[in-house]
Amino acid sequence: MSLHIYQSSASLAEGLASWIVGNINLVLRTQGRYSFALSGGSTPKLLYQLMASEYAQAADWSKVDFFFGDERFVSMDDERNNGKMALDLFLHPLGIKDEQIFAIPTNSSPQNSVSAYQKTLEEYFHSDDTHSFDFVLLGMGADAHTLSLFPGGVLPDDKAALVAHTFNKADQLDRITLLPSIINYAKTIAFMVQGKEKSDTLKRVLHDTHDPDKYPAQLILPASGQLMWFADEAAAGAIIL
Ligand code: 6PG
């Protein structure tokens, strides 16, 4: 695990954008496609805008396939939809083609969405249970949730499940979320965390006893890949004191 701390949210976004683009170029030297699972929420917005502007020519984005770590179960034209946020700030400005974008559907029922995305992932990764995404970007809430895995939540018994339907009490929304069963097989998993309100949580997640029921971010344990934390000084304040 590596921790990368930046003075501000702006330098955090810049540093992470630079790392991501460098990794895309490195990985594409030895394979034809790069699979990138995007985070939702507000933290990655500046990062996405940077990659679509300053870094638009810095990588061959036509070889990158985009997935989503989780989705709020609202329509694609709802401002709360993570897919809409990424399309508006990142994917459409970069001219990413529809066939490169694997959004989590929210136009039917949560269960149909789970089944559909499970099928999408199985087909893309050819049911390979040893390797998944080249890169997963994750956020973390002040309650230590990540993706849409919330404290006290119950993971499915089905070990073959890669996707689940959860419910977020905070926003009273049904959620569709990827599970550790696929996330933890990524080559690189990076958390992006900013803001003072998350500093105590970040310290507990990294240094307290392992209690993923209380701290779902602790469910993220790469099987063989690398785990990276990118944070601004405000979020890392309780660690660097
Ligand atoms: C979501 C995200 C979620 C997010 C954290 C942090 O749908 O909200 O996927 O897991 O990463 O809640 O959110 P902020 O970046 O808005 O603090």
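The values are calculated or read from the model by the stated rules, or taken from the named source; none is laboratory data. In this text the structure is predicted, and so the values were computed from the model without any measurement. As a convention, Cβ positions derive from the backbone with ideal geometry for all residues, glycine included, and neighbour counts pool all protein chains shown.
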request  = Taking ASP157 as the residue in question, decide whether it is closer than 16 Å to PHE68 by Cβ, more than 16 Å from the ligand (Cβ to nearest atom) and among the charged types (D, E, K, R).
outcome  = no
note = Scanning the range 137-196 for residues that are without any contact (Cβ under 8 Å) to a residue 60 or more places away in the chain and of a type in the set (Ser, Thr, Tyr) gives THR166, SER181, TYR185
request  = Report yes if some residue within the range 15-30 is surrounded by fewer than 18 Cβ atoms within 10 Å (Cβ to Cβ), in contact with a helix residue (DSSP H, G or I) (Cβ under 6 Å, 6 or more places away or on another chain) and more than 23 Å from ALA235 (Cβ to Cβ); otherwise report no.
outcome  = yes
query = Is there a residue being among the β-branched types (Val, Ile, Thr), outside any loop (DSSP other than H, G, I, E, B), more than 15 Å from the ligand (Cβ to nearest atom) and surrounded by fewer than 19 Cβ atoms within 10 Å (Cβ to Cβ) anywhere in the range 63-75?
reply = no
query = Considering the range 5-14 alone, what residues qualify as being closer than 12 Å to ALA235 by Cα and surrounded by 15 or more Cβ atoms within 10 Å (Cβ to Cβ)?
reply = ILE5, TYR6, SER9, LEU12
inquiry  = Condition first: surrounded by fewer than 21 Cβ atoms within 10 Å (Cβ to Cβ) and not acidic (Asp, Glu). Now tell me which residues in the range 95-105 satisfy that.
reply    = GLY95, ILE96, LYS97, GLN100, ILE101, PHE102, PRO105
Counted residues, the range 34-45 - those being away from the ligand (no atom under 16 Å from the Cβ) and either exposed (fewer than 14 other Cβ atoms within 10 Å of the Cβ) or more than 30 Å from PHE73 (Cβ to Cβ) (or both) = 0
query = Residues of the range 162-210 being assigned to a strand (DSSP E or B), within 11 Å of the ligand (Cβ to nearest atom) and within 16 Å of LEU3 (Cα to Cα), which ones?
reply = PHE191, MET192, VAL193
task = Could you run through the range 126-179 and say how many residues are among the aromatic types (Phe, Trp, Tyr) and surrounded by fewer than 18 Cβ atoms within 10 Å (Cβ to Cβ)?
result = 1
request  = Go through TYR48, TYR6 for me and flag whichever is out of contact with any Ser or Thr (no Cβ under 8 Å at 6 or more places or on another chain), of a type in the set (Phe, Trp, Tyr), farther than 24 Å from ILE104 by Cα and within 16 Å of the ligand (Cβ to nearest atom).
outcome  = TYR6
inquiry  = On the basis of being within 14 Å of the chain's Cα centre (by Cα), modelled with pLDDT of 95 or more and in a loop (DSSP other than H, G, I, E, B), does ILE104 make the cut?
reply    = yes
